[in-house]
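I have placed the structure first, in the form of structure tokens, so that the comments after it can refer back to it.
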Amino acid sequence: MPQPSQAALPDGLIAIVKRDCPTCVLIEPVLQQIASQKTISVYTQDDPTFPSAMNPVDDTDLAISYQLDIETVPTLLRIEDGVERARIIGWHRDQWNEFTGSQGLGTELPEMRPGCGSRSVEPGVAEALAQRFGDSRLQARRVVLAPLEDDVEACFDREWSDGLPVVPPTEERVARMLSGTQRQAEEIIGVIPPNQAECTVEKVAINAVMAGCKPEYLPVVIAAVEAACIDEFCMHGVLATTYFSGPIVMVNGPIVKSIGMNFGINALGQGNRANATIGRALQLVIRNVGGGKPGGVDRAALGNPGKYTFCFAENMENTSWQPHSVQQGFKEETSTVTLFAGNGVQPIMDQLSRTPESLARTFAASLRSVGHAKLAPAGDVLLVVSPEHSRTFEAGGWSKNRLIDELMALLQLPTSDLVRGVHGIAEGLPPAIAETHETRPKFRPGGLTAVRVGGTAGMFSAIISGWASSGERGSQPVIKAI
């Protein structure tokens, strides 16, 4: 639809009203008083016959209200040379007398009454008007559905879904989603594998709508998409592998609380809209923009439920540990997204250890099985430490970095235990390795990351193991400021 030109406004006074507003109905005789003395044009938003004695101008399409950025009715404006010079909102007798240069307006009316919301700012209406008359209309291809076609089923039929119902991305919903960012809808934020398709902010917004996001989540989703496009993350490889892996999203910084993310009880589970939909939106972008669909380039033999969505925030309440983002060089007031190519959740239970040394040995024993007990180095690991377990380390004066250093030392494994055939297990490292190295690290330097997540009750932590092809040979964790 071509953009309409700005309507020429008549000089004099302009009143914007609607019948469904008690204050507008109240001031109808005032408008008649003004019309007997001054030039005034009355535009009506909902009833072309209101006010009946004023020969009102029909603005039921809200074009003038949108042009004038009307938020409340009644609004009274003064126009000179086609340009607005001043306006007042609602009814206040003294203000109206002064504004119009009249005397005795509405002497029989209450001195003051507030107005009502303009129809042009109602939910859904504002977004539709922006698409009809605004400067930044959506560029994506419109898909027209048949009259009897169900919109949710249509998304399934066109393979836009991850297997669960999605929210149909109407123009109004996408426009509302875009209100969550200051970035331009047409800005290209990355090239999405496997099809190497350019992805705009608008396309991210479309998929965020389908995922069920709120507009305030959009900056996080955009940052997650940007992170997935960083070469070191190797999103194409994460898709194409037959391993279990998919992108896991962790958020740090002030935005965690401002959008209501879960970092406490059940943080890795269901029930929180922000956690659930942000991770899902990233997956939908990869699917719908990049073409990364199961059975296509996505060749996972088993996959994992986190490939629907796997998103959480780090719990930095009541702890001396540094946030992951600060450890990576960002300021604490900077919100960030970290992407990790990970698999499922492996529990660690230790309810008896009361010293850091004992608890670290429990962690090390559990970490040894990542990938395979005889695989060293294994894929990277995200070690999720619960607040109850972190309290044990903090009480002993152990920082996150101290914990990592101690675990790396405990996980220098004898190569004699790792070679093929040992312990009756065919899997393992080539025998030549045992001849040249006495020990082998379970993880590459930098391949073990600790984060603090979860509720304050429960001596349970977790291992989120990574893609077997971690590090320089595959995927590395990446972090992006929001």
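The values are calculated or read from the model by the stated rules, or taken from the named source; none is laboratory data. This one's a predicted model, so the numbers in the text were calculated from it and none came from an experiment. Note that we place each Cβ from the backbone using ideal geometry, even for glycine, and neighbour counts take in every protein chain shown. Surface accessibility is based on the protein's heavy atoms, side chains included, excluding ligands, DNA and RNA. Shrake-Rupley method; radii C 1.70, N 1.55, O 1.52, S 1.80 Å.
On inspection, residue 478 passes the criterion of being under 28 Å from the mean Cα position of the chain (by Cα), open to solvent by 10 Å² or more (accessible area, probe 1.4 Å) and modelled with pLDDT of 95 or more. Contact map, region 71-96: residues that are open to solvent by 30 Å² or more (accessible area, probe 1.4 Å) paired with residues that are assigned to a strand (DSSP E or B) and of a type in the set (Ser, Thr, Tyr), Cβ distance under 6 Å, separation 6+ or inter-chain. Pairs shown: 87/75; 89/72; 89/75. Of all residues in region 301-337 being touching a strand residue (DSSP E or B) at 6+ places or on another chain (Cβ under 7 Å) and under 23 Å from residue 197 (Cα atoms), which is most open to solvent (accessible area, probe 1.4 Å)? Within region 301-337, the match that is most open to solvent (accessible area, probe 1.4 Å) is 307. Given the criteria modelled with pLDDT of 95 or more and open to solvent by 10 Å² or more (accessible area, probe 1.4 Å), does residue 265 qualify? Here the answer is yes, as residue 265 does meet what is asked.
Quick check: anything in region 229-251 of a type in the set (A, V, I, L, M, F, W, C), more than 27 Å from residue 470 (Cβ to Cβ) and open to solvent by 20 Å² or more (accessible area, probe 1.4 Å)? No: zero hits. Does residue 404 qualify as being β-branched (Val, Ile, Thr), over 29 Å from the mean Cα position of the chain (by Cα) and modelled with pLDDT of 95 or more? Criteria met by residue 404.
Candidates 216, 186: the one that is in contact with an Asp or Glu (Cβ under 7 Å, 6 or more places away or on another chain), without any contact (Cβ under 8 Å) to a residue 60 or more places away in the chain and of a type in the set (D, E, K, R) is 186.
Look through region 369-387, keep the residues that are part of a loop (DSSP other than H, G, I, E, B) and surrounded by fewer than 24 Cβ atoms within 10 Å (Cβ to Cβ), and return whichever of them is farthest from the chain's Cα centre (by Cα).
Pass one, region 369-387, residues part of a loop (DSSP other than H, G, I, E, B): 369-380, 386.
Within this subset, residues satisfying the condition of being surrounded by fewer than 24 Cβ atoms within 10 Å (Cβ to Cβ) are 369, 371-375, 377, 386.
Numbers: 369: 34, 371: 31, 372: 35, 373: 37, 374: 39, 375: 36, 377: 34, 386: 25 Å.
Checking each candidate, the answer is 374.
So, residue 366, is that one among the hydroxyl-bearing types (Ser, Thr, Tyr), open to solvent by 50 Å² or more (accessible area, probe 1.4 Å), in a helix (DSSP H, G or I) and in contact (Cβ under 8 Å) with a residue 12 or more places away in the chain or not? Here the answer is no, as residue 366 does not meet what is asked. Note on region 127-169: residues that are out of contact with any Ser or Thr (no Cβ under 9 Å at 6 or more places or on another chain), crowded, with 16+ Cβ neighbours inside 10 Å and under 15 Å from residue 212 (Cβ atoms) amount to 6. Any idea which residue in region 177-204 is farthest from the chain's Cα centre (by Cα), counting only those that are open to solvent by less than 30 Å² (accessible area, probe 1.4 Å) and closer than 12 Å to residue 288 by Cβ? Within region 177-204, the match that is farthest from the chain's Cα centre (by Cα) is 197.
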